[in-house]
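Everything below concerns the one structure shown next.
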Amino acid sequence: MASSTKSESYLTVQIQRLLPFGMLVHLDDGRTGIIREREIAWDRDERRHWREYYKPGDTIPAVVLGERHNQRLELSLRLAQNDPWLDLPQRYRLGQIVTGMVTGIQPYGVFVEIEAGVVGLLHHSRLPPWTQPQSTEDLFWLGDRIKVVIELIDPARRRLGLNLTRTLSERWIRLDTQLEDAALTPITPVPIEEWEVAPPSETLQPSLELIARQHAPWTILVVEDDPAQCEAVAKWLRQAGQRSLSAGSAEEGLALIEQERPTLILMDLGLPGMNGIAAIQQIHVRWPGIHCVLMTDWARADEHMVDLEALQRDGIRLLIKPLLPEDLSGVLLDRLEDGGGLATGASRIDLPLANNPHLSPITRDPRLTDLLLQLRARTHATKVVLFALDPAQGNVQVVAEAGARPLNLEALLDLIYSPVRNVAVERWIVRIADARLVEARIRYLRPLLSFQSCLGVPLPGDLPEDYALFVFFAQLHAVQDIHEQHAFATALAASALLERQRFQIRAAEIQRLALLGQLSRALVHELNHQLSPINFALTDLQQQCTQVNQLFHDDIQALERHIHEAHETLGNLATGVRRLTETARLFGRVTIQSREQVLDPAVIIGEAVHLARDMADRAHVTMVVVPSPIDVPLRMQAAQFQQIVLNVVINAIQQIALLRPSEGGRVQISMEQTQQETHTILRITVEDDGPGIHYHLWERIFELGFTTRRDGGSGLGLYVTRSLVESLGGRAFVAQSHMLWGTTMVVEVPLTT
């Protein structure tokens, strides 16, 4: 381009015509010029929609760039408005970390726009060494977000040099500084045993001494068919100053109760013949004053959840195996508390109770309620109810409802004889204009709530349960044809939602089984890791006992030294066994499908981190938990919540392992309590320094079957995570992700208020 006009001289021009590639403008001296699309604006979006801002006849400023041989000037509108390069050194400094967007990809590097009109080059030689031998085309897509370090600023030549070689060293500096400023110490990683306030030996002995001072020995019956476990529990009780009896079956235990009338009974669930539940039910009838405690593992508890919930309502406590000494001391302290002798805060392991026995066992989805609210608004109905009829049990339950008027839930038992059954099972369409004319027909529906007219339609589709959607009105003859159309549309949408929910439940189960396969390795690792030290400690303890016996009459000082060493060996042995016990308990909780209960989010998150620790260790990934007390509980399934957290954490670990199998990385988990409108929200943030997610995939990674893993992942983990979170009225999303820098994933769920 030849230039006969002084570069960057300012003019005022008038737009003559809008061209496909820019604008034709007219100068005051009669010449014409071209402002090409790239010179209209610095901002990419403004350039894309420039025709909306300019029209023929407008007068605009321009800067002369040069002149072509045909005497037509090349002009720039954006340079006349401002030039972001002029004061670039004042706004940015060398070594500064900035965020930009990938606007161009070449074999030698990528172009990154850090602000409108300012584009720098990230040369391939400035990429971290662990990205080799991948090409820039494999690492980046157009539109990707990226964090880079500025290493060159040259406004005169309009050059900006960018660097990513120090990604890992720069990645966590800012966050670690914030942690230090807040006086928070990262836990790296977070072993379950480090949460304890004091070692068990320091808290258990005072409790036993307190029990011994408060009462005379109790008679405690242990009913357990495993001789080793039975003897271990009975021996501990005797050491705690109690009188213990043992029985190997429920029948033998009942006979002993008849003779001895014990104060307390520790009953195993899985007994030969009569099980522990049936035995305790008999004990409650025959000897209502005897206190009972049921012992079992998580898996067996899940099989008998309904019966155990009934026992819990009657005050029965559950102990989860494998047992720890403090579990038994807690039982004794609770017994003192029940007897009025002592007030303690003994911890309990309680079963989750169902919120309402009349509600459908199907996971309550707020989207169903939203559908019913919309139908009620369109029809101006008093109440809209979605019923489910279980064909196996023949009972009617409420799946969702909309409307302030409460239902008489006691009437649900008789709805099997009402039009609800006709609609759900026989697929009738019920339209009642005047309830007074069909009193006999609706006599079992009337007690549910007061209404004058109603409409009932079945839900289409092949669902495992039969459904009926009812719209109730307080006025006579309120049902109109348009209402019936709205009801059918809502029934169709609800059926699709329930079908999707059923599929999500199956997908979650499949993914849970896959997750268990991964976590089994962690359990085996923990067993292998702890059993060797335990075996060596036992051998060492045997040798020390022999030496103590030999030195008993010879060398008192050597005897004291060996006793001290034996005490330390016993402490290490107890710690190893405790870690095995805690890991087994945590693993057991993941294997079951529990019902809703009130949870401490920090405990469940810590348990999930503990279970993922082996996978993180193998991938050289450090897990950091940022302490953040949450003073509002979370109501949901423990196993479900654990699965949500595990899915996100394990996904982050896997991504780091794929990117840097030797170097590893870091995953940081934090949580906070926030307020959104009238809801209290628990926000869990999982941040990693993995490969990052291409911007165009931020939503796709939550789709069923979609995976970014080169080894071909199942594509279930994040899909199940979002499905579970949305069923709770929350959301899961990518908050931010920068290529080769890492991703921040957020899970938000409503807290119990």
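Things worth noting here:
- Lone qualifier among Arg376, Arg367 - being among the basic types (Lys, Arg), part of a helix (DSSP H, G or I) and modelled with pLDDT under 90: Arg367
- Among the candidates Asp338, Asp314, Asp327, the residue that is crowded, with 16+ Cβ neighbours inside 10 Å, out of contact with any Pro (no Cβ under 7 Å at 6 or more places or on another chain), at pLDDT 55 or above and among the charged types (D, E, K, R) is uniquely Asp327.
- The set of residues in the range 287-301 being of a type outside the set (A, V, I, L, M, F, W, C) and either modelled with pLDDT of 90 or more or under 19 Å from Asp327 (Cα atoms) (or both) consists of His291, Thr296, Asp297, Arg300.
- Hey, Arg78 over 20 Å from Ser737 (Cβ atoms), surrounded by 16 or more Cβ atoms within 10 Å (Cβ to Cβ) and in contact with a strand residue (DSSP E or B) (Cβ under 7 Å, 6 or more places away or on another chain) or not: no
- Those residues of the range 46-63 which are of a type in the set (Asp, Glu) and in contact with a strand residue (DSSP E or B) (Cβ under 6 Å, 6 or more places away or on another chain), in sequence order: Asp58
- Test: Leu121 is surrounded by fewer than 16 Cβ atoms within 10 Å (Cβ to Cβ), touching a strand residue (DSSP E or B) at 6+ places or on another chain (Cβ under 8 Å), at pLDDT 80 or above and at negative phi: no
- Residue list for the range 82-97, restricted to those being touching a Pro at 6+ places or on another chain (Cβ under 8 Å), of a type outside the set (A, V, I, L, M) and surrounded by 15 or more Cβ atoms within 10 Å (Cβ to Cβ): Trp85
- Set side by side, the residues Ile192, Ile220 differ, and just one is surrounded by 13 or more Cβ atoms within 10 Å (Cβ to Cβ), in contact with an Asp or Glu (Cβ under 7 Å, 6 or more places away or on another chain) and either under 29 Å from Cys292 (Cβ atoms) or modelled with pLDDT under 75 (or both), which is Ile192.
- Residue check for Gly100: on the phi > 0 side of the Ramachandran plot, at pLDDT 85 or above and buried (at least 18 other Cβ atoms within 10 Å of the Cβ): no
- Cys230 being surrounded by 14 or more Cβ atoms within 10 Å (Cβ to Cβ), in contact (Cβ under 8 Å) with a residue 24 or more places away in the chain and closer than 17 Å to Val331 by Cα: no
- Only listed residue being closer than 20 Å to Lys321 by Cβ and within 37 Å of the chain's Cα centre (by Cα), chosen from Leu237, Leu264, Leu308: Leu308
- Test: residue in the range 432-440 that is surrounded by 17 or more Cβ atoms within 10 Å (Cβ to Cβ) and more than 35 Å from the chain's Cα centre (by Cα): yes
- Residue count, the range 287-304 (criterion: surrounded by fewer than 17 Cβ atoms within 10 Å (Cβ to Cβ) and within 28 Å of the chain's Cα centre (by Cα)): 2
- The test for being in a loop (DSSP other than H, G, I, E, B) and hydrophobic (A, V, I, L, M, F, W, C) holds for Leu476.
- For the range 605-655, a residue qualifies if it is under 25 Å from Gln675 (Cα atoms) and surrounded by fewer than 19 Cβ atoms within 10 Å (Cβ to Cβ), and the qualifying residues are Pro627, Ser628, Pro629, Ile630, Asp631, Val632, Pro633, Arg635.
- Restricted to the range 464-483, and to residues there that are surrounded by 15 or more Cβ atoms within 10 Å (Cβ to Cβ) and closer than 21 Å to Ala388 by Cβ, the residue that is farthest from the chain's Cα centre (by Cα) is Phe472.
- Residue selected from the range 7-30 under the condition modelled with pLDDT of 85 or more and part of a loop (DSSP other than H, G, I, E, B), by the criterion surrounded by the fewest Cβ atoms within 10 Å (Cβ to Cβ): Phe21
- Residue check for Thr743: of a type in the set (Ser, Thr, Tyr), at pLDDT 90 or above and not in a helix (DSSP H, G or I): yes
- Some residue of the range 233-255 being buried (at least 17 other Cβ atoms within 10 Å of the Cβ), of a type in the set (Ser, Thr, Tyr) and at pLDDT below 85: no
- Subset of the range 688-705 (residues that are crowded, with 18+ Cβ neighbours inside 10 Å and on the phi < 0 side of the Ramachandran plot): Asp688, Asp689, Gly690, Pro691, Ile693, His694, Tyr695, Ile701, Phe702
The values are calculated or read from the model by the stated rules, or taken from the named source; none is laboratory data. What you see is a predicted model; the values in this text were computed from it and never measured. All Cβ positions, even for glycine, are placed from backbone atoms using ideal geometry, and neighbour counts span all protein chains on display.
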